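Report on one structure; see the data block that follows.
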Amino acid sequence: MGLCSNPSSNIDIASVWGLPQPCQDRSVSTLDALLVKVRACGICSSDLPLGPRPIVQISRTARILVAGQAPGSKVHASGIAWDDPSGIRLREWMGIGTEVFYDPAQIALLPMGFCYPGSGPSGDLPPRRECAPTWRAALLNELHELELTLVIGRYAQEYHLEEVGSSVTETVKNWRRSWPNVIPLPHPSPRNNIWMKKNPWFAEELVPVLQQRVAAVLSSNS
């Protein structure tokens, strides 16, 4: 099977996405070619207030996937995923530092929308609806070593979980349904501080086992 084929399906991803065929240079993988196209994407540029800047982190060896919503304005400015107070809290929940978090060989960072969608009356707008159908399946197919997916917020949970509750709170409370491979989380934004206070079980019950699971998956990669 050539490098332009997806070994996990009968779909030729290279044909679907218009990648070069045949893949003569074996140093360039399908993932490399996909990322070139993702980072040049402008499919919804007219609807993005700050313009397109897709922000992703991925490699085929990553064992943990962080599936969030979409970058905020600060992340758009820096070009670094989760480079904001939400990222600080998320790394605390996971029990890891920036060195591990930003190592694509260990952790993939794929939000539901790759670009900052703009803001509305109650915070950032939802991820652009064009993004996931265009890119997500092809990128996920490249995660050959994936063991753990953290699904953060409603949009990621509806995509990655077979069953979701009527609210993020209900979905997170039922985290055992998808354990140990997929773990639903609330958004770690400081805007959720009130939620944290109302739901102390999250820090007391779920965060410790989340840290244990993350540590176990990462140790299997060493």
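The values are calculated or read from the model by the stated rules, or taken from the named source; none is laboratory data. Keep in mind it's a predicted model, so treat the numbers as computed, not measured. Using ideal geometry, Cβ is built from the backbone for each residue, glycine included, and neighbour counts are taken over all protein chains shown.
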Inset, instruction - May I ask you to list pairs of residues, at least six apart or on different chains, whose Cβ atoms are under 6 Å apart, with the first in segment 65-76 being without any contact (Cβ under 8 Å) to a residue 60 or more places away in the chain and the second being in a strand (DSSP E or B)? - result: Gly72/Asp124
Inset, instruction - Scan (1) modelled with pLDDT of 95 or more; (2) surrounded by 15 or more Cβ atoms within 10 Å (Cβ to Cβ) for the single condition Asp124 breaks and write down its number. - result: (1)
Inset, instruction - Name every residue in segment 80-114 that is within 13 Å of the chain's Cα centre (by Cα) and among the hydroxyl-bearing types (Ser, Thr, Tyr), in order of residue number. - result: Tyr102
Legend entry - Residues of segment 126-145 that turn out to be small (Gly, Ala, Ser) and in a loop (DSSP other than H, G, I, E, B), as a count: 0
Legend entry - Residue among Arg129, Arg136 that alone is among the basic types (Lys, Arg) and over 20 Å from Ile80 (Cα atoms): Arg129
Inset, instruction - Can you confirm whether segment 146-155 contains a residue that is in contact with a helix residue (DSSP H, G or I) (Cβ under 6 Å, 6 or more places away or on another chain), assigned to a loop (DSSP other than H, G, I, E, B) and under 24 Å from Val75 (Cβ atoms)? - result: no
Legend entry - Filter result for the condition that a residue is buried (at least 16 other Cβ atoms within 10 Å of the Cβ) and out of contact with any helix residue (DSSP H, G or I) (no Cβ under 8 Å at 6 or more places or on another chain), over Asp83, Asp103: Asp103
Inset, instruction - Would you tally the residues in segment 9-55 being aliphatic (A, V, I, L, M), out of contact with any helix residue (DSSP H, G or I) (no Cβ under 6 Å at 6 or more places or on another chain), in a helix (DSSP H, G or I) and at pLDDT below 50? - result: 2
Legend entry - Check on Val182, free of Cβ contacts under 8 Å to residues at least 60 places away in the same chain, in the same structural domain as Trp82 (by TED's automatic domain parsing), in contact with a strand residue (DSSP E or B) (Cβ under 6 Å, 6 or more places away or on another chain) and within 19 Å of Gln69 (Cα to Cα): yes
Inset, instruction - Return yes or no: is Pro104 at negative phi, in contact with a strand residue (DSSP E or B) (Cβ under 9 Å, 6 or more places away or on another chain) and in contact (Cβ under 8 Å) with a residue 40 or more places away in the chain? - result: yes
